[in-house]
């Protein structure tokens, strides 16, 4: 029996060591003011960046399989034997020109940003705490007046959730913002792909949003009869609690399904269970605590971008640039 107790003790010890501690979390006293410094959430298919833009709390929403896959040039006209021949002829510059020119000349193929949602920061008041809880894969924003905004992307379901607690939550409802796919005034043809060429170069018509009292649906046509939709829904549970979700669907109509506190709680529990199991798969202790924190941050990123059956991981993963333009390095995969 004493050996059984010893085994159980060791098992629970290893399990607890596998979890990141609060010291490993990201802690800030304000929101990031740039998309590339935002709090990242993800599940391999959906992603969100939480930051501040124009006095709003902005969620930059992404889905991994949103692409414009039109061909920019006839790649089948050449093969590797042709490349080898140019090397032998000391004319490899021809290969570079042939392969690189389409990046600046053509806006596609490219990853597509989906949309953003925002909350009016003026109605929340000053942020006093902004934490990415690694163990729970949850962003927690606390405000000076005591309000709390908690948000997560479900670990394995295609939904992002948020919960607001505090006074007067009915005035804190979010809104969807479509990206500007139609902008005839300036298409920025002279910008490089790194700077972010204008989305209008893709030639899409601007998406439209259907709004009701507690949900919004964005319908965005892309190319060759393809489209995607973004759903945002919220419910006021009580005078001091508002919950909601968002999702993105590709080439199918969205269904703004009902949301209840019971449903939200069940989703949160299953989300936390997945991440608890994820962290329990390994344990590590590093004397240099800054290095240990970096280990857990990178393991969090792995858990946020990789899933069985999800698309291959691009350089920006599920956090496509929210700079008003085409993603930089828009066609490259991580190695």
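Read the figures in this text as sums done on the coordinates, not as results from a lab. Since the model is a prediction, treat every value here as computed from it, not as a measurement. A quick note on method: Cβ atoms are made from the backbone with ideal geometry, for glycine too, and the neighbour counts reach across all protein chains shown.
Which FRET efficiency value, to the nearest 0.05, is calculated for residue 28 and residue 301 with the Förster distance at 22 angstrom and r the Cβ-Cβ distance?
Result of the calculation: an efficiency of 0.80.
Taking Cα atoms, how many degrees apart are the long axis of helix 2-17 and the longest axis of the chain, rounded to 10 and kept between 0 and 90?
Tilt of helix 2-17: around 50 degrees.
Where does the chain land at 222 nm, in deg cm²/dmol rounded to the nearest 500, when only DSSP H runs of n ≥ 4 count, each adding -39500 (n - 2.57), divided by all residues?
Estimated from H runs of four or more residues: -7500 deg cm²/dmol.
Measuring from centroid to centroid over Cα atoms, what is the spacing of the range 57-79 and the range 105-154 in Å?
Between the Cα centre of the range 57-79 and that of the range 105-154, the gap is 25 Å.
For the range 71-217, what is the Kirkwood hydrodynamic radius in Å, using each pair of distinct C-alpha atoms?
20.1
Applying 1/(1 + (r/R0)^6) with R0 = 25 Å to the Cβ-Cβ distance of residue 253 and residue 209, what FRET efficiency is obtained, to the nearest 0.05?
0.95
Using only Cα atoms, find the angle between the long axis of helix 261-279 and the longest principal axis of the chain, and express it within 0 to 90 degrees, rounded to the nearest 10.
80
Among rounded, prolate and oblate, which fits the range 228-325 when a ≥ b ≥ c are the square roots of the eigenvalues of its C-alpha gyration tensor, a/c under 1.5 means rounded, and a/b larger than b/c means prolate?
It comes out oblate by the Cα gyration axes.
Give me the angle, in degrees from 0 to 90, between the Cα long axis of helix 289-305 and the longest principal axis of the Cα atoms of the chain, rounded to the nearest 10.
Computed tilt is about 70 degrees.
Taking N as the number of residues in the range 121-160, what is its alpha-carbon radius of gyration divided by 2.2 N^0.38 Å?
My calculation over the Cα atoms of the range 121-160 gives 1.32.
Which order results if 253, 34, 58 are arranged by neighbouring Cβ count within 10 Å, fewest first?
Sorted ascending by nearby Cβ count, the order is 253, 34, 58.
What do you get when you divide the Cα radius of gyration of the chain by 2.2 N^0.38 Å, with N the number of residues?
1.13
Can you tell me the relative contact order of the range 15-79? Whole percent, Cα pairs under 8 Å, sequence separation 6 or more.
Reported as a whole number, the value is 20 percent.
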